[in-house]
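Quick notes on the structure that follows.
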Amino acid sequence: MSRRLFAKPVLLACALLLGGCAAKTVVPTQIAQPGDETLDCAALARQIAGNEAAASQFFHQDKQTEQSNTAKNVGGVIPGLGLLLIMSTDLSNAEQIKARALVDRDEALRFYAKQKGCEP
Amino acid sequence: MNQEIKTMLKNPSARRALRVAVALAAAAALNACASAAKPEAMVSATAPDAKPFPASLQHAMCVRAVTGGEKTNALWISKVDNDGFKSALNTSLDSAGLTAPAAACSFPIDVNLLGLSQPIAGFDMTVTSHVNYKVYDGSGQPVLLTTVDAPYTANFSDAFVAAKRLELANEGSIRTSIGQFFDKLRDANPKAAAKP
């Protein structure tokens with residue numbers, strides 16, 4: 001009975017190992033985009049505000065992922081199940097990457113806004 | 001020999017010892033002490049037949065700041081730190097003939113390592129680095145702003161121990177990233193790009 005209980009998680013862990021626990025594909029916002037030079041002050045302000053809101057959301061989600069990873073690592077000491085918990089740790093840093101990309105994007109947009117003499 | 005092994009495996013305590021040994025070997029393969037990515041392994045070598053850089057960038061660049069890197073926790077996984085990245089980029093600039101003499105830097109570079117997307121395990125480990133490179137001219141105007149996403153896979157033949165494989169994938173990813181940044185620099189037009 002106990003052998004069967006442990007066999008499944010171990011087999012699943014082996015399958016994960018064989019398949020490779022690939023990280024999620026992350027597509028950050030490009031810091032410079034075609035057409036940036038043609039944006040007017042209103043469009044720049046809209047984009048900057050939208051990016052700020054999205055970045056704040058991503059930073060919040062990043063903290064949650066970090067907490068979840070810590071919990072999984074602590075749970076890693078549980079025999080059998082522990083390995084599965086560790087294997088499910090998310091190291092893609094997706095939210096952090098997206099948030100930082102948006103902060104940098106805003107820096108570039110603010111440069112264009114300043115060049116165009118837009119009100120801060 | 002096979003008969004001896006079969007006889008040995010009939011013994012429950014021998015089977016238990018074998019299981020523990022296999023589990024320990026698996027754990028060792030999965031996790032060993034993690035080391036930070038090595039700067040010398042992240043240096044991008046410039047091919048002699050590569051397209052030349054714009055004349056105005058040659059012997060005129062320097063690395064001003066590298067941010068976003070992380071220190072490696074030996075008990076967890078390999079990371080890339082700011083100092084290591086900066087050192088690798090400086091050496092790469094040097095070998096490409098882009099480094100400015102001291103106090104004569106016309107095109108400072110700021111680097112923001114947005115993050116590394118890493119796998120937790122696997123025979124083939126692919127790490128993708130996401131990096132923003134920002135090159136400015138002397139007046140502070142951007143010459144080149146670019147985001148580089150660079151995947152690199154280290155496989156089982158590169159290293160048996162997973163922690164080492166991940167370190168190799170980190171190093172390969174940053175090396176590829178610097179190489180792609182250099183390709184974009186080759187196509188940059190410093191004078192035209194200065195005007196937004």
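Could you tell me which trypsin sites (Lys or Arg not before Pro) in the range A:29-120 are loop residues by DSSP with no more than 14 other beta carbons within 10 angstrom of their beta carbon? The partial results should precede the final answer.
Numbers: sites: A:R46, A:K63, A:K72, A:K98, A:R100, A:R105, A:R110, A:K114, A:K116; in loops: A:K116.
Listed in order of number, the matching sites are A:K116.
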With the alpha-carbon atoms as the only input, what is the per residue convex hull volume for the range B:64-166 in Å³?
110 Å³
Which of the chymotrypsin sites (Phe, Trp or Tyr not before Pro) across the range B:127-194 are loop residues per DSSP, with 14 or fewer other Cβ within 10 Å?
B:F156, B:F160
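When you look at the Cβ of every residue in B:128-134, what mean number of other chain Cβ atoms sits within 10 Å?
Across B:128-134, the average partner-chain Cβ count within 10 Å equals 5.
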Could you order the peptides A:53-61, B:108-116 from most to least packed, using the average number of other C-beta atoms within 10 Å per residue?
B:108-116, A:53-61
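Each value in this text was obtained by applying a stated rule to the coordinates, not by laboratory testing. If you're wondering where the values come from, they're calculated on a predicted model, not measured in any experiment. Ideal geometry is used to build each Cβ from the backbone, glycine not excepted, and the neighbour counts take in all protein chains shown.
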